[in-house]
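The values are calculated or read from the model by the stated rules, or taken from the named source; none is laboratory data. All of these numbers come straight from a predicted model, not from anything done at the bench. With ideal geometry, Cβ positions are generated from the backbone for all residues, glycine too; neighbour counts draw on all protein chains shown. We work out accessible area using only protein heavy atoms, side chains counted, and drop any ligands, DNA or RNA first. Shrake-Rupley method; radii C 1.70, N 1.55, O 1.52, S 1.80 Å.
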Amino acid sequence: MLSGIQPTADSFHIGNLLGAVQYWPRLQDTHDAFYCVVDLHAITVPTEPKDLHHRTLVSFAQLIASGIDPERSAVFVQSHVHEHAELMWVLSCLTGFGEAGRMTQFKDKAQKAGAESTNVGLFTYPVLMAADIILYGANAVPVGEDQRQHLELSRDLVQRFNARFGETLVLPEPYIMRGTAKINDLQDPTSKMSKSSPTGVVNLLDPLKTIEKRIKSAVTDSETEIRFDPVGKPGVSNLLTIIHGFTGRPMDEIVASFEGRMYGDLKKEAAAAVLAYAEPFQARVHELLADRAELERLMAMGAAKAQAVASATLDAVYEAVGFVRRSGR
Ligand code: TYM
């Protein structure tokens, strides 16, 4: 199993956690797990070097604070394992120009950035993502709904590679949890929560007061009934999903508990559920960041574990495509 998260913000938001990261510690029990801070992906959007540096460390610390055990799983930084960029090149040569151009995230981001500031890295972003997955022979990839199309491309590339060069690579499957696959923006509950929204996002490392305020100002609707209806009542349903995601309680039971109650109660409970997670999480992240030497030791350990697997896959790929291998290695 492999998954990744971009170090493009000073904190994970609750969409990252509920859609993806919360499942990662649990999956360590059943899978050989690889979790990656994808810093190569992060530079597809212009970033200040000092911000990237800081965000990479904070992202790594957040993965550990979420409960991933760095002794059992490989937790690492993508640029520490050079095989990612190398496999990406081979896969790029199997990816159609039109195929890459049909990726909706690329189209959205390119449209927002404008043609002049859209770089080639943004275009080949999903090919690098395919390399991340393929290097570890991952057959399960736990992500939110927004990554489904990228996983389809990874599957197509594996099938194409194997058909052309012989069975070499493992076919990955998306692992998308229905209930929490898409957390929406608190101010615009018909669109996905993302780091680019100023007030509709809830960051796990924000001051607790800010978290509470954001949730209490969430947009609902002009009715009073609390029921789960993502189309008719997107704001209310999003808050219910947040409670479900943080508490693990079944949705029916949560909805029943709000019978005859007001939207104010719903927001209060949603805020309490987030704060109960965020408070100890923040303490753990700060503790990890305060011990830089230990953080570096953990990063090096993760990279070594990852590279042992990644280099074997890259070797097999280079053999399969017909590269003459350098002797004496
Ligand atoms: P990224 O960094 O944007 O997001 C990390 C994870 O959070 C999920 N997510 C959400 N889930 C539910 N609701 C939301 N509002 C929400 N916003 C984000 C994402 O689906 C993702 O699982 N391309 C990936 C990073 C990546 C990767 C990989 C993932 C690079 N290589 C290999 C898996 C395997 C991305 O941009 O994630």
For the chain, with +1 on Lys and Arg beta carbons and -1 on Asp and Glu, the positive-most of 202, 260, 90 along the dipole: 90
Surface share of carbon and sulfur [accessible, 1.4 angstrom probe, percent] for the chain: 54
Sparse-neighbourhood loop hits (trypsin sites (Lys or Arg not before Pro), segment 237-292; DSSP loop; Cβ within 10 Å at most 14 others) -> 261
What helix-only [θ] at 222 nm does the chain give? Using -39500 (n - 2.57) per DSSP H run of at least 4, over all residues, to the nearest 500, the answer is -17000 deg cm²/dmol
Computed over segment 9-135, the Cα gyration tensor eigenvalues, each multiplied by 5 and square-rooted, give semi-axes in Å (largest first) of 26, 18, 14
With the crude spin-label approximation of a point 7 Å out along Cα→Cβ, what separation in nm comes out for residue 85 versus residue 197? 3.5
If I take every Cα pair under 8 Å that is 6 or more residues apart in the chain, average their sequence separation and divide by the length, what percent do I get for the relative contact order? 22
Contact order normalised by length for segment 100-196, with contacts defined as Cα pairs under 8 Å and 6 or more residues apart; what percent is it? 25
The chain -> Rg/Rh from Cα coords, Kirkwood Rh, value 0.99
Quick check for you: with a 1.4 Å probe and neighbouring chains kept, what is the accessible area per residue of the chain, in Å²? 47
How far is it, in nm, from the label point at residue 272 to the one at residue 111 when both lie 7 Å from their Cα along the line to the Cβ? 4.2
Compare the Cα positions of 232, 219, 281 along the charge dipole of segment 208-287 (+1 at Cβ of Lys, Arg; -1 at Cβ of Asp, Glu; about the Cα centre) and return the one farthest towards the positive end. 281
Leaving out ligands, DNA and RNA but keeping every protein chain, what accessible area does residue 104 have, in Å² rounded to the nearest 10, with a 1.4 Å probe? 70
What fraction of the Cα pairs in segment 208-287, stated in percent, has a spacing above 18 angstrom? 40
Please report the relative contact order for segment 208-287, taking Cα pairs under 8 Å with a sequence separation of at least 6, and give it as a percent rounded to a whole number. 37
How far is it, in nm, from the label point at residue 171 to the one at residue 318 when both lie 7 Å from their Cα along the line to the Cβ? 2.9
Check residue 2: other-chain or 5+ apart residues with amide H under 5 Å from its amide H, H built from backbone geometry? 34, 140
Identify all lysines with a Cα-Cα distance to residue 192 below 25 Å; exclude those on the same chain that are fewer than 8 residues away in sequence. 107, 109, 112, 182, 209, 213, 216, 233, 267, 268
Picking from 66, 77, 106, whose Cα lies most toward the positive end of the charge dipole for the chain (charges on Cβ: Lys, Arg +1; Asp, Glu -1)? 106
What residues qualify as long-range amide H neighbours of residue 192, i.e. H under 5 Å apart, gap of 5 or more or another chain, H built at 1.01 Å from N? 185
